[in-house]
1. Could you list log10 I(q)/I(0) for the stretch 33-99 at q = 0.19, 0.21, 0.23 Å⁻¹, which the Debye formula gives when each Cα is one point scatterer?
2. Ignoring ligands, DNA and RNA, please state the percent of accessible area on the stretch 49-101 from carbon and sulfur, probe 1.4 Å.
3. Expressed as a whole percent, how much of the Cα-Cα distance distribution for the chain exceeds 28 Å?
4. Please give the calculated 222 nm ellipticity per residue for the chain, where each DSSP H segment of at least 4 residues contributes -39500 (n - 2.57) and the sum is spread over every residue; nearest 500 deg cm²/dmol?
5. Net charge near Val47, counting Lys/Arg +1 and Asp/Glu -1 over other residues with Cβ under 11 Å of its Cβ?
6. Keeping every protein chain in place, order Trp29, Trp56, Trp49 by accessible area at 1.4 Å, biggest value first, i.e. largest first.
7. How much of the accessible area of the stretch 117-174, probe 1.4 Å, is carbon plus sulfur, in whole percent?
8. Mind checking the angle between helix 68-83 and the chain's longest principal axis? C-alpha axes, 0 to 90 degrees, to the nearest 10.
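The values are calculated or read from the model by the stated rules, or taken from the named source; none is laboratory data. All of these numbers come straight from a predicted model, not from anything done at the bench. Because the Cβ atoms are built from the backbone with ideal geometry, glycine has one as well, and the counts that use them run over all protein chains shown. Accessible surface is based on the protein model in full, side chains and every heavy atom, while ligands, DNA and RNA are left aside. Shrake-Rupley method; radii C 1.70, N 1.55, O 1.52, S 1.80 Å.
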Amino acid sequence: MTRKKILILVGTLFILPVVLAQLVLEFGWYNKGVLNNGILLYPSEKVGWLQQSGQWRLVYTLPSFCDAQCESALFQLTQSLIAVGTERDRVSSIVLMPTEQSIDDIKIGYQNISSLQHAFLSALPYSENAIYIVDPFNNLIMAYPVPQGKVAQITQGKGLLSDLRVLMKLSKLR
C-alpha cells in the first residue's frame, strides 16, 4: 500500500465514527437513558414560604375532598419516612392544607397555606394531585403524580423511595 492510501484509511477510521455519531444524534436514533422515576421540574421552583428545615421534604397538597388517590398519597408519605431507615432524620413529610381546612387524624407534619400559596401550587404541572420532593434549600425539584390503581400506586411509591435515596446519597448535606 502506498502512503497516500494508508493516510486516507487512517483518516477515514478517525472521521467515520464522528460522522456516524452526528447522524445518530441528528436523526434521533439514540434514546437517552433516564435514571429517575419521577418527573424532574426544570427549572426548579423556589418555595420560600415553606418552612426551611434543612431536610429533604416530601410535600403533598391536601385536596378539599380526600378520595382513594389522596389516601394513597398520605400512605406513601408515611411509609416513605419509615422506608428510608437510618436516614430518617434527613427526611420529613409535609401535608399542605388551606387555612380553612383542618384534619385531626394526620399523623405526619402539616402546614397551613394561604390562598396565594395555594394558587402557586395549583399552577404547578400536576397541581394538587402529586407528591413533590423539595430539597433542603426549598427548591421544588421533582413531582410524582398520584396514579389511579393500587399496582400503579405501589410502583410509584417504590420509584419515589428510590429517587429519594439517590438524592440523599448524592447530596453533600448531612
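1. Each listed q maps to, in turn, -0.99, -1.15, -1.25.
2. Working: 1340 of 2440 Å².
Heavy-atom surface of the stretch 49-101 belonging to carbon and sulfur, 1.4 Å probe: 55 percent.
3. Numbers: 5412 of 15051 pairs.
Here the tail beyond 28 Å accounts for 36 percent of pairs.
4. On the way: 4 runs with 69 residues, N = 174.
Value at 222 nm, helices only, nearest 500: -13500 deg cm²/dmol.
5. Numbers: positive: Lys46, Arg57; negative: Glu45, Asp135.
Every neighbour counted, the sum reads 0.
6. Details: Trp29 165, Trp56 20, Trp49 70 Å².
Output order, biggest surface exposure first: Trp29, Trp49, Trp56.
7. The nonpolar share, carbon plus sulfur, comes to 63 percent.
8. 70 degrees
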